[in-house]
Amino acid sequence: MMGPAHSLSGAAAWLGVGAAAAALDHPMPWPVVVVGALICAGAALAPDLDQKSATISRAFGPISHALCGVIDALSTAVYNGTRSRGERHRAGGHRTLTHTWPWAVFIGAGFSAAAAVWDRWAVLIILFIHMVLAVEGLLWRMARVSSDVLVWLLGAASAWILAGVLDKPGNGSDWLFTGDGQEYLWLGLPIVLGAMVHNIGDALTVSGCPILWPIPIAGKRWYPLGTPRFMRFRAGAWVESNILMPAFMLLGGAGSLVALGLIGG
């Protein structure tokens with residue numbers, strides 16, 4: 001799928017988690033609902049860091065462009081080093097390593113660990129990265145015609161404000177983990193969820209997605225999971241913009257109402 005659909009699906013997924021948490025009598029404070037949805041929307045772009053033309057690869061200028069090259073090379077090496085007999089050799093790593101569940105867990109755990117070790121500074125960096133990506137994804141057309149610097153400033157301002165809101169007692173820094181130094185461990189959850197939602201979205205397209213690597217399926221370690229062939233579509237096709245994106249908006253809106261206790265409480 002394209003960036004806007006990925007981001008919308010990520011936000012909708014976190015709002016759905018918020019609704020489920022409310023139904024299980026462990027509701028999220030409203031800042032966790034908002035911040036988690038934005039982080040998840042941004043994280044839903046992250047697996048495409050293995051592709052030079054992707055939004056995330058251009059979002060942070062030379063830094064993300066250089067990181068894209070490293071991730072692409074790493075993904076290519078891991079794919080070629082672990083592929084099964086019968087799986088073709090590849091010169092590029094798009095839709096391989098970064099589109100798997102181990103990568104999603106690794107990235108989420110890494111950000112959680114950073115938040116636990118470096119506290120506020122790590123939280124600010126995590127928020128900045130994902131706020132910029134959320135702007136790029138959710139406000140795709142406006143971000144495209146805006147200066148990168150303006151998007152970065154918006155991301156930085158949003159990160160600073162939201163970090164301050166979360167720090168206030170009762171606003172959710174310790175929503176899930178209450179131990180000393182564990183307050184922001186939950187930040188890794190929307191990151192993992194966003195990456196997995198991205199992978200599921202890609203599994204709906206014609207190429208499928210090797211989400212379950214390294215588990216072998218039909219003799220292939222990089223088996224591209226997906227829906228039946230007749231149900232798949234090309235990224236950017238009308239079904240994405242006319243059916244899936246409106247559906248994500250409706251689901252996200254319904255989830256937010258439940259998560260915030262505006263209905264069903």
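The values are calculated or read from the model by the stated rules, or taken from the named source; none is laboratory data. None of these values were measured; they are calculated from a predicted model. Virtual Cβ from ideal backbone geometry, glycine too; neighbours counted across all protein chains shown. Accessible surface is based on the protein model in full, side chains and every heavy atom, while ligands, DNA and RNA are left aside. Shrake-Rupley method; radii C 1.70, N 1.55, O 1.52, S 1.80 Å.
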Label-point separation in nm, S53 to R90, each point 7 Å along Cα→Cβ:
1.6 nm
Bin by bin, in steps of 10 Å, what percent of the Cα pairs in the chain do you find, going until the bin that has the longest distance?
7, 29, 36, 22, 6, 0
Can you tell which of S241, S207, S147 shows the greatest fluctuation in a Gaussian network model of the chain with Cα springs below 10 Å?
S147
Any idea of D25's accessible area? Nearest 10 Å², probe 1.4 Å.
130 Å²
Leaving ligands, DNA and RNA out of it, report the carbon-plus-sulfur percent of the accessible area of segment 64-163 at a 1.4 Å probe.
71 percent
Residue (of A259, V239, L176) at the positive-pole extreme of the chain, dipole from beta-carbon charges:
V239
What does the charge dipole of segment 36-111 about its Cα centre add up to, to the nearest 20 debye, if the Cβ of each Lys and Arg holds +1 and the Cβ of each Asp and Glu holds -1?
240 debye
Taking H placed 1.01 Å from N in the peptide plane, check which residues at least 5 places from R221 or on another chain put their amide H under 5 Å from its amide H.
S84
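I need the Kirkwood Rh of segment 1-93: take the reciprocal of the average 1/r across all distinct C-alpha pairs and report it in angstrom.
When all Cα pairs of segment 1-93 are included, the Kirkwood radius is 15.2 Å.
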Give me the distance in nm between label points sitting 7 Å out from Cα along the Cα-to-Cβ direction at A66 and A109, one decimal.
2.8 nm
Return the calculated 222 nm mean residue ellipticity for the chain, to the nearest 500 deg cm²/dmol, obtained by summing -39500 (n - 2.57) across DSSP H runs with n ≥ 4 and dividing by the residue count.
-20000 deg cm²/dmol
Please report the Cα spread of segment 82-200 along all three principal axes, rounded to whole Å, starting with the longest.
56, 42, 22
Subtract the Cα-Cα distance of R120 and K220 from 0.36 nm times their separation in residues, and report this length gain in nm to one decimal.
31.7 nm
Rounded to whole Hz, the Karplus (6.51, -1.76, 1.60) HN-Hα couplings of segment 17-32, x for glycine and proline
5, x, 5, 5, 4, 5, 5, 8, 6, 9, x, 7, x, 4, x, 5
Positive end of the dipole of the chain, charges at C-beta (+1 Lys, Arg; -1 Asp, Glu), about the Cα centre: which of P210, I161, G194 has its Cα farthest in that direction?
P210
For the chain, with a Gaussian network of springs between Cα atoms less than 10 Å apart, report the residue from A109, A156, A21 with the top mean-square fluctuation.
A21
Along the charge dipole of segment 1-101, which of A22, H89, A11 sits closest to the positive end, that is, farthest toward it, with unit charges on the beta carbon of Lys, Arg, Asp and Glu (+1, +1, -1, -1)?
H89
Show me, for segment 50-66, the HN-Hα J-couplings you get by feeding each phi into the Karplus relation (A = 6.51, B = -1.76, C = 1.60, θ = phi - 60°), rounded to Hz, glycine and proline as x.
8, 10, 4, 8, 6, 4, 5, 6, 9, 5, 10, x, x, 5, 5, 5, 5
Quick one: dipole size for the chain, taken about the Cα centre, charges +1 on Lys/Arg Cβ and -1 on Asp/Glu Cβ, in debye to the nearest 20.
1160 debye
Per residue value of the accessible surface for segment 34-76 (all protein chains in place, 1.4 Å probe), Å²
35 Å²
